[in-house]
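These notes concern the structure reproduced below.
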Amino acid sequence: MIGQTTDGVDFGAGFGDAGLGDGASASETERVRRAFWPKFKRFAANLPFAEDLLAAYFCAFDRNSPRRVQAVLIGALAYFILPFDFVPDMLPILGFTDDAAVLATAIRMVAAHITPAHREAARRALARTAW
């Protein structure tokens, strides 16, 4: 459903079918879409970078984001959802440090493309996400 996640979180007009033809592969894009929200919901309360993670997600799937930006962010989001990390996510305190570093690097690379609309969609999604 364009404009909503499978759990009904609305991410607003312009977000949804990014069509990452030249950037991330279609299978990687679909995998990120499918696996992102369940993992996010499991760990969101423990993520100090939850809003940045969601803003990156909304930018990655925004049809207006350049393909290069989408590819960079899909790669960072794919790392977040991978079941095997450099530092396992289940480790107290350290578990998401590698995810945060990858995300921070990706965001730094494409910061100009993460818009106030992406940040607002992230805040709305966070407000509706039950911990």
Between the stretch 36-69 and the stretch 100-124, the alpha-carbon center distance in angstrom
8 Å
In what sequence, highest mean first, do 115-128, 64-77 appear when ranked by Cβ atoms within 10 angstrom?
64-77, 115-128
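Bear in mind that the values in this text are calculations on the coordinates, not laboratory data. Computed from a prediction, not measured in an experiment: that's the story for all the values here. Quick reminder, even Gly has a Cβ in these numbers, built from the backbone with ideal geometry, and neighbours come from all protein chains shown.
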